[in-house]
Amino acid sequence: MRRQPYRKPYIKNMASDGRTLLNYVLGLKCIKCGAEFPTSQMFEGCPRCKTNETISNITVVYDYDKIANILEKMLKRSKNRIWRYQELLPIQNEKHMLCLGEGNTPLWNCKHLGLKIDIENLYVKDESRNPTWSFKDRLCCTAVSKGLDFGADRVIALSTGNHGASTAAYAAVAGMKCLIFASPSTPKTMLIFMQAYGALVVQTEVLGSWSLMRKCVQDYGWYPTSSYTRPTRTTNPYGIEGYKTISYEICEQLQWEPPDKVFIPSGSGDALFGVWKGFSEFKEFGLIDKIPAIIGVETAAGGPLTNSITKNLDYLEEVKVKSTVATSISTGVASYHGLWALRKSNGTAITVTDKEILEAQKKLSMTEGLFVEPASAAAFAGVEKLVQTGELQRDETIVCVLTSTGLKDPESLSNYLSKMPIIEPEWKNFTKAIKEVYNFQV
Ligand SMILES: *Cc1c(COP(=O)(O)O)cnc(C)c1O
Ligand SMILES: [Zn+2]
């Protein structure tokens with residue numbers, strides 16, 4: 001017999017009677033052609049405007065007039081993690097709102113680092129504080145919870161690491177079977193991590209895994225939290241909604257003065273869209289007066305969004321990806337909705353090299369005490385890049401989304417650190433080693 005499909009969140013005030021049905025979602029809508037669809041399991045984008053070149057994702061539409069009436073009450077809630085904003089999230093049954101303590105992450109004002117690059121207001125949103133130590137928890141929490149609304153009992157994802165780990169954790173607490181196709185570049189720590197949550201993990205070549213996953217979804221009823229369409233990614237439209245909570249939190253943390261630019265490391269571009277949508281909803285409600293420019297930072301090993309921006313395309317081309325330290329953002333296939341968010345917000349996409357990423361990673365940890373994954377550090381490397389090219393003004397307010405922790409992949413940085421001396425414990429050896437390796441006089 002299947003066990004209880006959810007566990008009660010440990011946070012007070014949460015789903016008090018455990019039975020409330022929310023009724024704020026109107027349905028789904030294509031972001032490109034506007035075609036409308038009922039709330040259903042649509043994971044392969046809009047069938048209406050699909051061409052050989054591109055597929056557009058669909059997005060969740062809410063009854064915003066109705067939400068406006070309870071907005072004040074909603075913003076006064078303090079404790080429910082991402083479910084504080086439950087009316088703006090797509091789960092219908094409160095009982096299905098899973099909670100491992102995701103969201104509500106700190107926004108740090110990085111004075112020292114800001115001073116170094118001459119930016120007065122530099123903030124980082126520290127997403128490494130999430131339950132599986134990456135911002136994918138906002139997406140996977142929302143996607144798997146919605147899966148419970150649909151009665152799903154098995155969940156699947158393709159992943160370079162974080163997406164798989166997060167899906168596995170929420171599947172575990174939801175009582176669902178979980179299957180993950182991990183790419184060959186997935187760091188070993190991440191593979192162990194996914195298996196630790198009980199997922200069936202299979203490591204296989206990236207391109208082939210997309211069709212394996214499609215078959216699992218289409219023929220065997222696995223519920224997807226990630227995308228599996230090419231050459232343009234579409235994805236679970238409910239999961240992306242979870243990323244909106246990053247923007248809601250930033251607005252509150254900055255006392256409703258939104259930043260000028262938000263830098264986000266980008267792979268598929270799901271986060272770009274979710275973050276854009278969050279800000280744009282709050283602007284529609286009149287809570288903020290502008291939407292920040294969203295800057296997608298890709299790896300120079302292969303950046304599909306940068307490719308489309310540079311060539312001024314309205315679709316995505318698949319780009320070859322070389323090996324990179326930023327594994328979490330290295331798939332070469334991005335989404336129409338990601339590109340759309342960049343354009344809508346007057347943002348752009350840029351690429352940064354591995355060297356720039358590792359330098360940024362060291363600066364964040366050595367100046368601000370924040371040890372993040374290389375892919376996360378790409379956000380700050382992007383800021384440095386635009387400072388150098390003169391595209392950032394010193395009085396602009398900047399937020400970098402630091403998407404995951406450095407402990408996921410410590411190996412990539414270890415080669416760039418001093419080779420640690422191992423000595424016999426004698427004073428002379430010690431002072432000599434410290435001098436030689438660290439150039440430091442005791
Ligand atoms: C997935 C991921 C990203 C990119 O998110 P997308 O929504 O796929 O663009 C960035 N950083 C880390 C650490 C990730 O795991
Ligand atoms: Zn369409």
Would you mind pulling out the separation of the Cα centroids of the stretch 406-442 and the stretch 307-383, in Å?
-> 31 Å
Heavy atoms only, probe 1.4 Å: what % of the accessible area of the chain goes to carbon and sulfur, would you let me know?
-> 51 percent
Most mobile listed residue (138, 230, 394) in the chain, GNM with C-alpha springs under 10 Å = 394
Ranked packing of 168-174, 206-212, most packed first, by mean Cβ within 10 Å = 168-174, 206-212
Under Stokes-Einstein, the stretch 400-442 at 25 °C and 0.890 mPa s, with its Kirkwood radius over C-alpha pairs, diffuses with a coefficient in µm²/s of 193 µm²/s
In a solvent-free Debye calculation with one equal scatterer on each Cα, what is log10 I(q)/I(0) for the stretch 219-344 at q = 0.13, 0.19 Å⁻¹, listed in the order of the q values?
-> -0.54, -1.02
Please name which of 369, 401, 438 has its Cα lying farthest along the dipole of the stretch 362-442 towards the positive end, using unit charges on Cβ (Lys, Arg +1; Asp, Glu -1) and the Cα centre as origin.
-> 438
Average accessible surface area per residue within the chain, 1.4 Å rolling probe, Å² = 43 Å²
Quick one: check the C-alpha center-to-center distance for the stretch 239-258 versus the stretch 205-223, whole angstrom.
-> 33 Å
Per 5 Å bin, what is the whole-percent P(r) computed from every C-alpha pair distance within the stretch 28-103?
-> 3, 13, 19, 17, 16, 14, 10, 5, 2, 0
Segment residue 52-residue 115, extension gain: residue separation times 0.36 nm, minus the distance between their alpha carbons | 17.8 nm
Cα extents of the stretch 172-266 per principal axis, largest first, Å, are 46, 31, 28
Based on the Cβ-Cβ distance of residue 61 and residue 189, what FRET efficiency does E = 1/(1 + (r/R0)^6) give at R0 = 45 Å, to the nearest 0.05?
-> 0.70
When ranked by the protection proxy of mean other Cβ atoms within 10 Å per residue, highest first, what sequence do the peptides 82-92, 361-371 form?
-> 82-92, 361-371
Between their Cα atoms, which of 50/385; 188/311; 95/277; 322/419 are more than 32 Å away from each other?
-> 50/385; 188/311
Whole-number Å³ per residue for the convex hull built on Cα positions in the chain | 160 Å³
Listed residues 62, 228, 336, most fluctuating in the chain (Gaussian network, C-alpha, under 10 Å) | 62
Counting Lys and Arg as +1 and Asp and Glu as -1 over every other residue whose Cβ sits under 11 Å from the Cβ of residue 395, the net charge comes to -3
How large is the dipole of the chain about the Cα centre if only Lys and Arg carry +1 and Asp and Glu carry -1, each at its Cβ, rounded to the nearest 20 debye?
-> 1000 debye
Extension reserve of the residue 440-residue 423 stretch, reckoned as 0.36 nm per residue once the Cα distance is removed = 4.5 nm
Taking each pair of different alpha-carbon atoms in the stretch 253-323 once, compute 1/r for the pair, average those values, and report the inverse of that mean as the Kirkwood hydrodynamic radius in Å to one decimal.
-> 13.6 Å
Sites residue 323 and residue 154, calculated FRET efficiency, Cβ-Cβ separation with R0 56 Å, nearest 0.05 = 0.95
Taking the chain and dividing mean pair separation by its residue count, relative contact order in percent (alpha carbons under 8 Å, at least six apart) | 15 percent
Can you tell me the dipole magnitude for the stretch 321-442 around its Cα centre, using point charges on the Cβ only (Lys, Arg +1; Asp, Glu -1), in Debye to the nearest 20?
-> 140 debye
Tell me the Kirkwood hydrodynamic radius of the stretch 170-219 in angstroms, computed as one over the mean inverse distance between distinct C-alpha pairs.
-> 11.6 Å
Apply the Kirkwood formula to the stretch 319-442: the hydrodynamic radius equals the inverse of the mean of 1/r over all pairs of different alpha-carbon atoms; give it in Å with one decimal.
-> 17.0 Å
With a cut-off of 20 Å, note down the residues of the stretch 298-320 whose backbone N falls inside the zone around a label point 7 Å from the Cα of residue 343 toward its beta carbon.
-> 298, 303-319
Within the chain, the cysteines whose Cβ lies no closer than 4.7 Å to any other cysteine Cβ are 99, 110, 140, 141, 178, 216, 251, 400
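The values are calculated or read from the model by the stated rules, or taken from the named source; none is laboratory data. What you see is a predicted model, and the numbers here were worked out from it, not measured in a lab. Cβ: placed from backbone, ideal geometry, glycine included. Neighbour counts: every protein chain shown. Side chains included, ligands, DNA and RNA excluded: accessible areas come from the protein's heavy atoms. Shrake-Rupley method; radii C 1.70, N 1.55, O 1.52, S 1.80 Å.
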